[in-house]
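J.: My structure is below; once you've seen it, I'll send some questions.
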Amino acid sequence: MSAYAELFNLSKTYPTPQGERVIVRNFNLTLAEGEFVTLIGHSGCGKSTVLSMVAGLSSITDGGLVLAGREVAGPGPDRGMVFQSPSLLPWMTAFENVMLGVHQVFFTAPRYEQEQIAEYYLTVVGLADSMQRRPAELSQGMRQRVGIARAFALRPRMLLLDEPFGMLDTLTRYELQAVLLDLWRRNRITTLMVTHDVDEALYLSDRIVCMTDGPAAEVGDIVPVHFPRPRNRRAVMEHSDYEPLRRRLIEFLEIHAHRLGKVK
């Protein structure tokens, strides 16, 4: 597999009165161009810490990130981020929230071309009739659609997703997973996603990276997922490999839960 994004020896430590606290240690992962990789693990194991370091939102104590052949540090439009809560500017419409990033990235393009980009991605995520509504007028699911549109509209080299469906009800989560997969299929952006949901990871991913529990969390197991694409949820769940893969992931999590004393 040729490396498009390479996380090498990523480490994160924080100073404490008792000395340095190691959150993530020597985290190594290579992603191919267009690959969809998911991180799973127990709460507090460092999944979001890895993602925030890749995004440039948290400093890297040691190690680094190479993206498309270039080492990168700090935030940049080459990495699009979708958070659990999309953090939209409340005084702007959905369209204006997306345009804010589009204008910064494509500042040399004519205004009408920028508007076409924003309109296209808002339409694809199902907000063609809600572009001029402000966040307070949108449901949580609709606000997350704006967040997804905003990230894709930047046309980044890498997409980073931090539990983007964690605050949604089941039906809305399923709808937005399908929206995300459709957009990803059209654009094939290299994607790294954090989730706590095993079934979500299996449905979306090409590979699932299981993180050990902190402190000093690292890669514990990497599980390939070979369900055919494009994917249908029912077909995935009825596939002969689904239950064995699901059992493998749950067993990994249970073993580490026992080590933490979380399961009696």
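Coordinate-derived values only; no laboratory data. Nothing here was measured: the structure is a model prediction, and the numbers come from that model. Every residue, glycine among them, receives a Cβ derived from its backbone with ideal geometry; neighbour counts consider all protein chains shown.
J.: Any idea which residue in segment 66-75 is surrounded by the most Cβ atoms within 10 Å (Cβ to Cβ), counting only those that are at negative phi and part of a loop (DSSP other than H, G, I, E, B)?
T.: Here is the first cut: in segment 66-75, the residues at negative phi are 66-67, 70-73, 75.
If we keep only those that are part of a loop (DSSP other than H, G, I, E, B) too, we end up with 73, 75.
Working: 73: 11, 75: 13.
For segment 66-75, the residue satisfying everything is 75.
J.: Restricting to segment 190-209, what's the tally of residues that are among the β-branched types (Val, Ile, Thr) and within 11 Å of the chain's Cα centre (by Cα)? Walk me through how you get there before you give the answer.
T.: Start the filter on segment 190-209 by keeping residues that are among the β-branched types (Val, Ile, Thr), which leaves 190-191, 194-195, 198, 208-209.
With within 11 Å of the chain's Cα centre (by Cα) added as a condition, the list becomes 190-191, 194-195.
Summing the residues that are among the β-branched types (Val, Ile, Thr) and within 11 Å of the chain's Cα centre (by Cα) in segment 190-209 gives 4.
J.: Another question, if that's okay. Scan segment 12-42 residue by residue and report those that are of a type in the set (Gly, Ala, Ser) and farther than 18 Å from residue 160 by Cα. Walk me through how you get there before you give the answer.
T.: The initial filter retains those residues of segment 12-42 that are of a type in the set (Gly, Ala, Ser), namely 19, 32, 34, 41.
If the condition is that a residue be of a type in the set (Gly, Ala, Ser) and farther than 18 Å from residue 160 by Cα, then 19 is the only one that fits.
J.: Now a separate question. Tell me, which residue of segment 30-48 that is in contact (Cβ under 8 Å) with a residue 40 or more places away in the chain and β-branched (Val, Ile, Thr) is surrounded by the fewest Cβ atoms within 10 Å (Cβ to Cβ)?
T.: Restricting attention to segment 30-48, the residues satisfying the condition of being in contact (Cβ under 8 Å) with a residue 40 or more places away in the chain are 31-48.
When the remaining residues are screened for being β-branched (Val, Ile, Thr), the result is 37-38, 40.
Values: 37: 22, 38: 26, 40: 26.
Restricting to residues being in contact (Cβ under 8 Å) with a residue 40 or more places away in the chain and β-branched (Val, Ile, Thr), the top hit is 37.
J.: OK, next. Let me spell it out: the conditions are (1) among the polar types (S, T, N, Q); (2) closer than 25 Å to residue 201 by Cα; (3) in a loop (DSSP other than H, G, I, E, B), and residue 59 meets all of them except one. Which number is the exception?
T.: Every listed condition holds for residue 59 apart from (2).
J.: Just a yes or no: is a residue in segment 131-138 within 20 Å of residue 85 (Cβ to Cβ), out of contact with any Pro (no Cβ under 7 Å at 6 or more places or on another chain) and free of Cβ contacts under 8 Å to residues at least 24 places away in the same chain?
T.: Looking for residues that are within 20 Å of residue 85 (Cβ to Cβ), out of contact with any Pro (no Cβ under 7 Å at 6 or more places or on another chain) and free of Cβ contacts under 8 Å to residues at least 24 places away in the same chain, one finds at least one in segment 131-138, hence yes.
J.: Only one of (1) surrounded by 15 or more Cβ atoms within 10 Å (Cβ to Cβ); (2) of a type in the set (A, V, I, L, M); (3) more than 28 Å from residue 23 (Cα to Cα) fails for residue 235. Which number is that?
T.: Evaluating residue 235 over (1) surrounded by 15 or more Cβ atoms within 10 Å (Cβ to Cβ); (2) of a type in the set (A, V, I, L, M); (3) more than 28 Å from residue 23 (Cα to Cα) leaves (1) as the failure.
J.: Any idea which of (1) buried (at least 21 other Cβ atoms within 10 Å of the Cβ); (2) farther than 21 Å from residue 218 by Cβ is the one residue 10 doesn't satisfy?
T.: So residue 10 meets the others, but not (2).
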